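The values are calculated or read from the model by the stated rules, or taken from the named source; none is laboratory data. Because the structure is a prediction, the values reported are computed rather than measured. So basically every Cβ, Gly included, is an ideal-geometry build from the backbone, and we count neighbours across all protein chains shown. Keep in mind that these areas ignore ligands, DNA and RNA; they rest on the heavy atoms of the full protein, side chains included. Shrake-Rupley method; radii C 1.70, N 1.55, O 1.52, S 1.80 Å.
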Amino acid sequence: MSEVDLSVTLAGVRLKNPIVPVSGTFGFGREYGQYFDLERLGGMCVKGLTLHPRNGNPPPRVAETPMGMLNSVGLQNPGVEAFLAQEWPRLRELDTVTIANISGNTPAEYGQMCEMLSAAGVPLIEVNVSCPNVKAGGLAYGTRPDLAAEVTREAKAHAGRTPVMVKLSPNVTDIAGIARAVADAGADAISLINTLRGMRIDTETRRPILRMNTGGLSGPAVLPVALRMVWEVHSAVDLPILGMGGVSDALTAVEMLLAGATAVGMGSAIFADPMAPVKTIQGLEDWCAEHGVSAVRELTGGVRPW
Ligand SMILES: Cc1cc2nc3c(=O)[nH]c(=O)nc-3n(C[C@H](O)[C@H](O)[C@H](O)COP(=O)(O)O)c2cc1C
């Protein structure tokens, strides 16, 4: 029995520890289940779901960057119905919290998906209003407070008792304003950050490396931006936060908690090391023990600004 209490509560849902692989970097958990026991995770967020299946964008759709990566995958997924039929029955048996991430073309589509996921008993829904890689909806909803609020209201109206977490885009100047809008609209939690829009260019062909020209930047390069935004949102609204963006190990996870996160997402780091989430859980426990922290939740918002 661990002396450190690693459990946290996110939107009323108990996670055994704060570490959660994030949407789009963990598939539906099948592949990573070969590396470690998925039940060691606090939770896992599945690939972004849409009402209908999507093939995503044409390749190349990933590019390396210094300390990070660009992607323009574009929500390739089998659709929410196939998820419920093919993945959810396996996932619901696991002793870890599955978070369903959804993206809609219209507020009504978000509502429809919430209804289906809630009826199936999915414990937590993450509403993505921040995908930079799709033409309709997506990022547009996440960059305007009124639209983000509208999607949140629609999701809440159809999610029954299932809590709704809204995932914010960093591609805005006033992240606190967007957070306040979704909080006022009834969100149960907030997650951030999604990817930052970026671009690379092949100097020989003079063509952008990504077929879509631009994509979303993630990985260690975005950590400082993510920390700043989590801190600003934590200061602006009284909602639990799933903080993500550049977290790669226990120390960066502690930074994310101190900035104001209740739970911590890891994405790109898993591509570099599939064991990163379990190493981070162990490292977090060790760090807490070494620093006399008896419960990891005590760290949330513990930064001491000058
Ligand atoms: C290849 C890839 C695919 C992603 N797909 C999704 C997605 O479907 N839905 C979503 O909300 N975020 C998606 N994201 C964003 C991540 O969930 C996360 O917000 C972002 O990568 C920052 O975390 P990281 O720096 O730990 O990777 C994706 C990221 C990557 C790298």
Check: Taking Cα pairs under 8 Å and at least six residues apart, what relative contact order does the range 145-300 come out at, in percent?
Finding: 18
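Charges at C-beta only: +1 for Lys and Arg, -1 for Asp and Glu. How large is the resulting dipole of the range 8-299 about its Cα centre, in Debye rounded to 20?
720
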Notebook entry, point to check: From the Cα gyration tensor of the range 22-78, with a ≥ b ≥ c the square roots of its eigenvalues, which class applies: rounded if a/c is under 1.5, or else prolate if a/b is larger than b/c, or else oblate?
Noted result: oblate
Item checked: Length added when fully stretched, Leu94-Gln76, from 0.36 nm per residue minus Cα-Cα -> 4.0 nm
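Per residue, how many Å² of accessible area does the range 8-299 show with a 1.4 Å probe? Mind dumping the intermediate values first?
Numbers: 11950 Å² over 292 residues.
Result: 41 Å² per residue.
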Item checked: Theoretical ellipticity at 222 nm over the chain - DSSP helices of four or more residues, -39500 (n - 2.57) apiece, nearest 500 -> -9000 deg cm²/dmol
Margin query: Please check: in the Gaussian network model of the chain (C-alpha springs, under 10 Å), which one of Val62, Val264, Val129 has the largest mean-square fluctuation.
Written below: Val62
Next item on the list: Evaluate E = 1/(1 + (r/R0)^6) for Leu251 and Asp37, where r is the Cβ-Cβ distance and R0 equals 25 Å; express this FRET efficiency to the nearest 0.05.
Entry: 0.55
Check: What's the FRET efficiency of Val303 with Glu115 using the Cβ-Cβ distance as r and R₀ = 30 Å, to the nearest 0.05?
Finding: 0.20
Item checked: Charge dipole of the chain about the Cα centre (unit charges at C-beta), most positive-ward option of Gly29, Ala236, Leu196 -> Leu196
Margin query: Need the full-extension length gain, Ile201 to Gln86, defined as separation in residues times 0.36 nm minus the C-alpha distance. One decimal, nm.
Written below: 37.5 nm
Note to self: What whole-number distance in Å separates the alpha-carbon centres of the range 4-47 and the range 229-267?
What the structure shows: 15
Check: Label point 7 Å out from Arg228 along Cα-to-Cβ: which residues of the range 184-209 have amide N under 19 Å?
Finding: 192-199
Check: Relative contact order of the chain: what whole-number percent is it, with Cα pairs under 8 angstrom and at least 6 residues apart?
Finding: 20
Note to self: With a 1.4 Å probe and all protein chains left in place, how much of the accessible area of the range 164-306 comes from carbon and sulfur atoms, in whole percent?
What the structure shows: 52
Margin query: Taking a ≥ b ≥ c as the square roots of the Cα gyration tensor eigenvalues, with a/c under 1.5 meaning rounded and otherwise prolate when a/b beats b/c, else oblate, which class fits the range 121-278?
Written below: oblate
Check: Among 101-108, 78-85, 226-233, how do they line up from the highest to the lowest mean number of other beta-carbon atoms within 10 Å?
Finding: 226-233, 101-108, 78-85
Check: Where both residues lie in the range 8-299, what percent of DSSP beta bridges are antiparallel, nearest 5?
Finding: 40
Checklist line | Reachable aspartates and glutamates, given that their alpha-carbon falls under 20 Å from the alpha-carbon of Lys156 and they are not under 8 places away in the same chain | finding: Glu81, Glu109, Glu115, Glu126, Asp146, Asp184, Asp188, Asp238
Note to self: Using alpha carbons only, how many angstrom separate the centre of the range 48-79 from the centre of the range 160-201?
What the structure shows: 19
Notebook entry, point to check: Which residue, Ala148, Ala189, Ala272, tops the fluctuation ranking in a GNM of the chain built on C-alpha contacts under 10 Å?
Noted result: Ala272
Check: Given a Förster distance of 22 angstrom, what is the FRET efficiency for Met67 paired with Asn213, based on the Cβ-Cβ distance and rounded to 0.05?
Finding: 0.50
